[in-house]
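Asker: The structure that follows is given in the form of structure tokens.
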Amino acid sequence: MPMSVKTFAQVDEAARALAASRSARYLGGGTLIMRAVNYGDQSFDTIIRTTDPRLKQIAQQGDMLVIGAGITMSEVIANRETAFLAPVARTVGGPAIRNMATVGGNLFAASPYGDFTAALLALDARVVPAGGQPISLDEFLNARERNAGLVIVSVQIPRLRDVNAFRYVKVSRVKPKGIAVMSIAAVLPMQAGRLANARVAYGAMGPRPLRALAVERALEGRSLDEAGIAQALAVATEGVDPPSDPIASDWYRRQIAPVHLKRLLLGQRR
Ligand SMILES: Cc1cc2nc3c(=O)[nH]c(=O)nc-3n(C[C@H](O)[C@H](O)[C@H](O)COP(=O)(O)OP(=O)(O)OC[C@H]3O[C@@H](n4cnc5c(N)ncnc54)[C@H](O)[C@@H]3O)c2cc1C
């Protein structure tokens, strides 16, 4: 089927064109969407893209770090503002994929992909659609199918008081660039030696990245040691719905979740 490509200078124009056509898809870096084209996906015949520089900016705005949706994983790694996210971006595919894979595209990537989005979820990020108000990433992911008609301009991350409070691990069979068995991201703020408002998110433990809400509740007010995290480990798989795929079964993902969560929380190297 012939495929037409429409390029717009302004993201708002691209968003209008996308909203007006059922058979159009937005193109980010293309690592997934061009694969669909190459496999002969007949569900769309138009590709929409924009060269709007707003999608390529990384900027500190007040208390928010703004990352354009068109920023690639390689650009995340190279930029000083996003240095704390470099270990996450490095786990996405190999070098060729990282040169193309964008932050915006990762928001829509089906499980077991979405490692970067899991980190954004732990960081309490907000998603900014073209012509719309920022929405929390939780809310965005819960309605991701409905949000597929939006063009995302950027994500906003609240400033981290202590970057050491952010932790991330990706568990994969092939290192360093294998697909996730699971990924875990956490923000673990401490007040007087106790955890306060910890956020924990999983990748590849459901159809999309999800918060480990039971774990977060069990960590509240606890110390970050074996005794303090015991209850959190006991509820590590509450609310998850892992896929069974060629990488791992649902059963296996459930078995390993508490093991890797424990190592992440206690800061143990794997
Ligand atoms: C070999 C290989 C290895 C991979 N390894 C990993 C991995 O380890 N971890 C991982 O998380 N992912 C992985 N991926 C998946 C993918 O590369 C990443 O998730 C990437 O971030 C997707 O971004 P993209 O810009 O390439 O998306 P695209 O292919 O351009 O788009 C994907 C979807 O997102 C939508 N989209 C893209 N940008 C926007 C936007 N700004 N607004 C609205 N919609 C948008 C598109 O319409 C499309 O539906 C891998 C893919 C391949 C092919």
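Asker: Taking Cα centroids, how far is region 31-61 from region 111-131 in Å?
Answerer: Result: 17 Å between the Cα centres.
Asker: I would also like to ask the following. Among Ala125, Tyr168, Gly30, which residue has its Cα furthest toward the positive end of the charge dipole of the chain, with +1 on Lys/Arg Cβ and -1 on Asp/Glu Cβ?
Answerer: Value: Tyr168.
Asker: Express the relative contact order of the chain as a whole percentage, based on alpha carbon pairs under 8 Å and six or more residues apart in sequence.
Answerer: Once normalised by length, the contact order is 15 percent.
Asker: Calculate how large, on average over all directions, the projected area of the Cα convex hull of region 25-142 is; give the answer in nm² to one decimal.
Answerer: Mean projected area of the Cα convex hull: 8.0 nm².
Asker: Report, in cubic angstrom per residue, the convex hull volume of the C-alpha atoms of the chain.
Answerer: In the chain, the Cα hull volume divided by residue count equals 125 Å³.
Asker: For region 5-76, place one equal point scatterer on every Cα, skip the solvent, and apply the Debye formula. What is log10 of I(q)/I(0) at q = 0.15, 0.21 Å⁻¹?
Answerer: Per q value, in the given order, log10 I(q)/I(0) is -0.58, -0.95.
Asker: Something else about it: Please give the net charge around Asp162, taking every other residue with its beta carbon less than 15 angstrom from that of Asp162, where Lys and Arg add +1 and Asp and Glu add -1.
Answerer: Result for the neighbourhood of Asp162: +3.
Asker: Moving on to the next point. At 0.36 nm per residue, minus the direct Cα-Cα distance, what do Ser23 and Asn142 gain on full extension? Give it in nm, one decimal, please.
Answerer: Separation in residues times 0.36 nm, less the Cα-Cα distance, equals 40.5 nm.
Asker: Further, regarding this structure: If you take every DSSP beta bridge fully contained in the chain, what fraction is antiparallel? Give it as a percent rounded to 5.
Answerer: That works out to approximately 80 percent antiparallel.
Asker: Multiply the residue separation of Tyr39 and Glu220 by 0.36 nm, subtract the distance between their alpha-carbon atoms, and state the gained length in nm to one decimal.
Answerer: Separation in residues times 0.36 nm, less the Cα-Cα distance, equals 60.5 nm.
Read-outs throughout are calculated quantities, based only on the coordinates presented, and are distinct from any laboratory measurement. Fair warning: this is a prediction, and the values are worked out from it, not measured in the lab. Cβ coordinates were reconstructed from backbone atoms using ideal geometry, including for glycine residues, and neighbour counts include every protein chain displayed.
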